[in-house]
Amino acid sequence: MAAKLKTRHLLELVAVADPRLAPCAPGARPARAAATLTSIVAGREAEPPRYRSRILLLDLRPEAEGGGARELTRGETDRAPRWSPDGRRLAFLRGGRDAQGNSTPAQLAVIDLDGGEARVLSEGPNPVTAFAWQDDDHLLAVTRGDRVDEGVKRGLGRVIDRRCHRFDGTGFLPPSAADLVRISVSDGGARVLATLPHAPDDLSVAPGGRRLAFLAPADDGEADEGLERLWILRLGRKRARDPEDALGRVVRAGGLTWSPDGARIAFLAPSDLTGFGRATSLWLTTRGGGAPRRLTDDVEVGHAVAGDARHGAYPATPRWTSDGRALVVLVNEAGRTRLARVGVGRRPLLEPLGGGDRVVTAFDAADEWALQVVETPTQPGELFLRAPDGSERRLTAYHDAWCARFALSGPVERRFTSGDGTSLAYLWWAPARPRADRAVVIQVHGGPHTNDGFGFRFEYQRLLAAGYAVAASNPRGSTSFGEAHASAALRRYGTIDADDVMAVVDHALAHHESPDAPVHLTGGSYGGFMTNWLVTQHPARFRSAVTQRSICNWVSFHGTSDIGPWFTEGEVGDAPWVDLEGLWRASPLRYVAAVTTPILVLHSEQDHRCPIEQAEQWFSALKRSGRAEVRLVRFPDEGHDLSRSGRPDRRMQRIDLILDWFERHG
């Protein structure tokens with residue numbers, strides 16, 4: 001008989017991330033690969049559990065058993081493996097812990113694959129935020145100014161000039177400029193090539209090492225709007241020239257990659273380059289600049305399927321074939337992701353590579369070979385090698401024994417047409433042993449421009465183990481169902497998207513063995529907004545609700561969130577001084593007096609995306625109204641990603657609080 005999944009079993013999961021194939025000759029089979037492996041280790045005595053990340057080395061030769069996987073490094077926080085062009089070295093970022101147990105800034109390290117220990121190449125109090133190989137002996141690294149504000153350290157006030165002066169997961173941003181540094185691996189020598197006003201990311205070095213492409217805002221105004229430009233920097237031996245604006249316009253982009261001949265750059269960006277609720281598309285531009293060309297149409301390129309068993313980086317950077325005629329990308333359709341090949345000719349064609357009810361969360365590719373992190377609803381992520389003939393070889397099996405111990409359940413996809421003629425889809429998860437009351441939990445994902453799909457969700461499996469059925473909705477605003485579906489809810493929050501969630505509720509119960517079963521509601525971020533909204537509009541519909549990292553007041557969110565102004569104005573309505581009533585009309589707080597549903601409010605105190613003031617307002621108003629039972633739980637030292645990458649014991653506490661709330665109100 002299978003064991004019952006408990007919350008503590010979260011500690012036994014590991015996360016495989018950031019897969020990287022070693023360089024090889026065009027068309028050849030890759031011989032080695034690297035990835036990041038993160039596990040959870042128990043703390044000593046009164047210490048809490050913590051994450052430990054190390055670089056994983058894989059032998060891809062046919063004769064190697066499994067994937068020949070072994071831990072290459074022994075650090076506390078080793079991540080971001082990157083192969084040197086000749087494949088003889090791996091560079092990576094290494095963090096650590098000081099004598100007090102606090103995390104230390106990430107530094108650049110390198111290890112020789114011919115033997116020897118890892119060497120740290122950078123030193124100092126400032127972290128390395130991005131890096132790339134320039135050639136076999138030189139690395140380009142970005143360091144971002146002094147993060148210690150000496151005035152604040154002495155108890156003085158913090159001087160703020162930028163609107164966006166703090167960012168979720170980062171905290172207060174350093175006011176100083178960023179240095180681009182060239183570091184020699186052989187002798188450790190370092191030289192500053194350029195000082196840039198804003199830290200660049202997505203570094204991509206052109207073949208030959210003479211040009212660097214990166215993304216960065218041109219000024220504080222663009223940074224405050226979450227916008228960047230694609231820059232090309234010519235690299236001299238002593239100093240770099242001033243960067244050139246390759247597109248002459250702002251973008252919301254990522255995934256920069258040079259073509260093999262160094263003449264073109266591919267990247268990912270919305271279908272209009274900057275917009276909201278648009279399909280993430282594959283774009284192509286030339287080295288000389290000019291208007292970029294969109295290579296994909298109404299299809300989501302990249303990975304946006306929700307999950308809570310991942311830790312680290314999950315790149316979906318397009319990869320060129322060695323002949324420069326096509327790119328390999330990830331495509332997200334109806335909650336599933338798979339690889340696809342996109343030609344770069346006059347009429348680009350998208351050719352699917354694989355499929356199935358699963359999610360490829362990250363990949364790297366070399367011509368017809370691809371290294372993938374794959375997960376399913378009943379299997380956390382593992383590494384697979386895809387061959388040119390489409391066959392796949394599994395390289396890791398970290399979770400096989402874990403999965404075999406429990407009666408894990410997968411979902412059934414349900415599609416139907418709502419009352420207004422909209423085609424909707426949701427996933428229905430049925431427990432192996434239902435509760436006596438046959439209770440159902442309605443889940444609303446965040447974003448809203450993400451999707452609930454065929455990835456692994458520990459939280460869902462824990463609910464199933466407790467006997468709850470789960471309905472995971474994808475209302476209008478969700479990605480992977482076409483651009484029209486994703487953009488339909490722009491500036492219409494609380495209208496058609498709310499109708500869609502309620503249509504899922506009705507459809508799920510109509511097809512449930514107990515149509516009168518109690519229904520509980522939960523969601524985080526946008527899903528938290530929707531939870532707050534629905535309990536104001538349908539106060540008698542839900543037995544209880546749990547709102548997480550939520551939004552209740554768009555007026556205050558506009559001025560307090562790290563992305564407040566541009567997100568609010570793009571998604572919800574005009575600025576408060578332009579249309580105060582419009583934002584207030586879309587705010588659940590306006591209707592709080594109608595709430596009678598018992599509601600648990602979960603929020604992180606260092607959440608800069610949906611600041612804690614949102615939870616405080618919602619809790620205080622519900623208390624003042626006095627019509628609904630309410631409880632607030634504040635998680636210290638956590639940001640917006642508590643459910644995914646928060647401290648392990650706090651992640652477990654969160655799940656237990658949700659289960660306890662539903663149980664109390666069953």
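The values are calculated or read from the model by the stated rules, or taken from the named source; none is laboratory data. What you are looking at is a predicted structure, and each value in this text was computed from that prediction instead of being measured. Ideal geometry is used to build each Cβ from the backbone, glycine not excepted, and the neighbour counts take in all protein chains shown. Each accessible area value is taken on the protein alone, full model and side chains, heavy atoms only, with ligands, DNA and RNA left out. Shrake-Rupley method; radii C 1.70, N 1.55, O 1.52, S 1.80 Å.
Listing for the model above:
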| quantity | calculated |
| --- | --- |
| Between segment 477-493 and segment 592-666, the Cα center-to-center distance that results, in Å | 27 |
| Using alpha-carbon coordinates, inclination of helix 496-510 to the longest axis of the chain, degrees | 60 |
| Three-way shape call for segment 340-444 based on the alpha-carbon gyration tensor, with the a/c threshold at 1.5 | oblate |
| For segment 263-371, Kirkwood radius (reciprocal of mean inverse C-alpha pair distance, Å) | 14.4 |
| Segment 129-173: C-alpha gyration tensor shape, a/c 1.5 cut-off, then a/b vs b/c | prolate |
| Solvent-accessible area, 1.4 Å probe, carbon plus sulfur percent, for the chain | 48 |
| Per residue solvent-accessible surface (Å²) - segment 312-354, probe of 1.4 Å | 45 |
| Pairwise FRET efficiency - ARG52 versus ARG393, Cβ, R0 = 30 Å, nearest 0.05 | 0.65 |
| Inter-label distance, nm, simple model (7 Å from Cα along the C-beta direction), VAL578/SER322 | 5.2 |
| Mean separation of Cα contacts under 8 Å (6+ apart) over length of the chain, as relative contact order % | 10 |
| Over segment 468-570 - Rg/Rh using Cα atoms and the Kirkwood inverse-distance radius | 0.99 |
| Spin-label model distance (nm) - ARG29 vs LYS4, 7 Å beyond Cα toward Cβ | 4.8 |
| Alpha-carbon centroid distance for the pair segment 333-381 / segment 247-262, whole angstrom | 21 |
| Accessible area in square angstrom per residue, segment 43-187, 1.4 angstrom probe | 52 |
| For segment 218-236 and segment 269-316, distance of Cα centres in Å | 18 |
| Cα gyration tensor shape for segment 141-278, rounded if a/c is under 1.5, else prolate or oblate | oblate |
| Percent of C-alpha pairs per 20 Å bin, the chain, short to long | 18, 54, 27, 1 |
| Per residue solvent-accessible surface (Å²) - segment 391-450, probe of 1.4 Å | 44 |
| Among beta bridges that DSSP assigns inside the chain, antiparallel share in %, nearest 5 | 80 |
